[in-house]
Amino acid sequence: MKPHHHLRIWAAAVLTMVLACVGADNVLSANKSSDMKHKSSPQTIATDSRGHVLLEEWAAFATAQQKDRPAEQEKILLDIKTKARERRLAWDFYDAASQYVSVAASRNWKVRQEKQAELKKDIEEFDEPIVTFYYHMQNSGSSVMKSYLMSNREKFLSSSNPVFWKNTPQLQSALSGQLVKYLGNDYEYALWTLYMMDRSISRKEIKEYEAGKLVGPPTPGDQYFSYPLGAYFEYLEAENTTSSDFRILKEKKEALQKVAEKYSGKAVSFYPRLSLLRLRFNDLTRRISEKGDAADENGVTAEAEAKTLYEELQKFEKRRKSFPERSPRWHPRALPNRSSIHLKGNPFPSAPTETKLKYILEISLAPKCRYSPGALPRRRIPRRSGPRAKSSMYPIL
């Protein structure tokens with residue numbers, strides 16, 4: 001048996017738990033306190049899965065797509081544009097206008113620039129701030145978006161178009177999906193969108209806005225924000241430091257610890273706590289690569305530290321899963337576990353074989369599967385039987 005076999009297995013097991021705890025990113029839906037109350041306005045208008053109001057027209061467009069009839073698609077999209085313009089249906093209008101450019105260019109690539117110019121003119125004539133901002137997000141840089149936002153600040157503050165928030169993938173990902181519903185208006189949506197594109201461009205405005213949402217004076221000597229978005233912003237600011245410099249990492253750990261303590265007992269505290277556990281794991285792997293299982297200045301071996309960290313990760317996961325449930329859809333226990341691969345049996349056998357060791361390390365040390373599904377272990381499934389039958393590969397989710 002090669003040296004450090006047990007040590008490597010403990011490290012692999014710890015990483016397995018770290019990956020298993022990635023599901024904590026979805027824990028903000030469940031809050032022990034009542035400070036995450038959210039009143040959703042009743043849905044009075046029927047829409048499809050993408051938020052379109054003109055249901056019959058979009059259904060006809062989907063049918064034309066399935067039958068691969070681009071000429072018919074163009075005609076339907078033009079009809080949707082006209083009806084959406086008349087009824088001021090912002091999302092239907094933008095989606096139809098932008099898709100029309102793609103369909104027309106697919107039939108004749110020479111008209112792409114002409115159609116793009118028409119789209120720009122259509123957006124200007126429609127004259128709806130959220131539509132123009134969304135158009136700039138797709139076609140311009142963050143500086144143009146910021147300039148337009150601040151020039152029309154009052155209009156954004158007085159409008160709310162959740163369908164655009166829902167159709168902004170980078171925002172859905174950055175705010176862990178369920179947090180998007182706590183946005184109050186299009187101005188807050190735009191600030192967060194800009195922040196996720198370039199953290200420096202709207203940091204000042206988010207600080208001011210989230211602090212301004214508070215009722216009553218802030219705690220003396222402490223920077224206070226709204227909950228949950230303001231608290232999540234504090235976490236992101238602490239987490240944003242990415243450097244191998246020891247002094248900067250120390251500051252990052254201190255900042256994360258401060259956020260975790262400030263919101264202790266609330267759902268947002270799981271974010272900094274998990275980040276701190278990940279940093280501890282990184283320190284442990286660095287120590288193993290440099291010094292093996294040698295004891296530190298306190299006489300603690302790397303294997304002992306790995307066991308301690310593993311136990312803390314288990315406690316973290318137990319606490320996360322026991323958090324009070326507010327929404328069955330978003331509660332952590334209701335989510336499919338796509339980020340972890342559980343090892344069957346005892347992950348720490350007393351005398352592991354080379355095969356078992358290789359299996360544990362290759363499976364557990366895979367990239368974070370939640371963000372890289374292509375890196376998951378793959379299973380072979382035979383296709384149709386026959387002389388030319390091949391094996392298809394798909395990830396185990």
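The values are calculated or read from the model by the stated rules, or taken from the named source; none is laboratory data. None of the values given here were measured: they were computed from a predicted structure. Here Cβ is always computed from backbone atoms with ideal geometry, including for glycine, and neighbour counts include all displayed protein chains. Calculation scope for accessible area: heavy atoms of the full protein, side chains included, ligands and nucleic acids excluded. Shrake-Rupley method; radii C 1.70, N 1.55, O 1.52, S 1.80 Å.
Selection of region 259-315 for residues being surrounded by 18 or more Cβ atoms within 10 Å (Cβ to Cβ), acidic (Asp, Glu) and assigned to a helix (DSSP H, G or I) yields Glu303, Glu305.
The residue pairs whose first member lies in region 146-174 and is hydrophobic (A, V, I, L, M, F, W, C), whose second member is assigned to a helix (DSSP H, G or I) and open to solvent by 70 Å² or more (accessible area, probe 1.4 Å), and whose beta carbons are closer than 8 Å, counting only pairs six or more residues apart or on different chains, do not exist in this structure. For Arg320, the requirement of being open to solvent by 60 Å² or more (accessible area, probe 1.4 Å), modelled with pLDDT under 85 and not β-branched (Val, Ile, Thr) is not met. Among the residues of region 202-210, are any surrounded by 14 or more Cβ atoms within 10 Å (Cβ to Cβ), assigned to a loop (DSSP other than H, G, I, E, B) and at pLDDT 90 or above? Yes, that holds for at least one residue.
Cβ-Cβ below 8 Å, separation at least six or inter-chain, first residue in region 251-271 and over 15 Å from Phe316 (Cβ atoms) and free of Cβ contacts under 8 Å to residues at least 40 places away in the same chain, second part of a helix (DSSP H, G or I) and of a type in the set (Phe, Trp, Tyr): which pairs? So the pair list comes out as Val259/Tyr235; Val259/Tyr271. For the criterion of being out of contact with any Cys (no Cβ under 8 Å at 6 or more places or on another chain), under 30 Å from Leu183 (Cβ atoms) and touching a residue at least 12 places away in the same chain (Cβ under 8 Å), Ala84 passes.
Restrict the check to region 222-241 and report whether at least one residue is at pLDDT below 85, exposed (fewer than 13 other Cβ atoms within 10 Å of the Cβ) and farther than 29 Å from Arg286 by Cα. Checked region 222-241: at least one residue is at pLDDT below 85, exposed (fewer than 13 other Cβ atoms within 10 Å of the Cβ) and farther than 29 Å from Arg286 by Cα. So which residues in region 316-325 are of a type in the set (Phe, Trp, Tyr) and part of a loop (DSSP other than H, G, I, E, B)? Passing the criteria: only Phe323. Scanning region 100-120 for residues that are touching a residue at least 24 places away in the same chain (Cβ under 8 Å) and out of contact with any Asp or Glu (no Cβ under 8 Å at 6 or more places or on another chain) returns a single hit, Ser106. Tallying residues that are among the hydroxyl-bearing types (Ser, Thr, Tyr) and over 28 Å from Glu124 (Cβ atoms) within region 58-86 yields 1. Of the helices (runs of 4 or more DSSP H) lying entirely inside region 74-192, the ones with 3 or more residues being at pLDDT 95 or above, open to solvent by 10 Å² or more (accessible area, probe 1.4 Å) and of a type in the set (Asp, Glu) are found at 112-126. Being of a type outside the set (Ser, Thr, Tyr), over 24 Å from Gln178 (Cα atoms) and either modelled with pLDDT under 95 or open to solvent by 70 Å² or more (accessible area, probe 1.4 Å) (or both) is a property that holds for Trp10.
Scanning region 121-139 for residues that are free of Cβ contacts under 8 Å to residues at least 40 places away in the same chain and closer than 11 Å to Tyr94 by Cα yields Ile123, Thr132.
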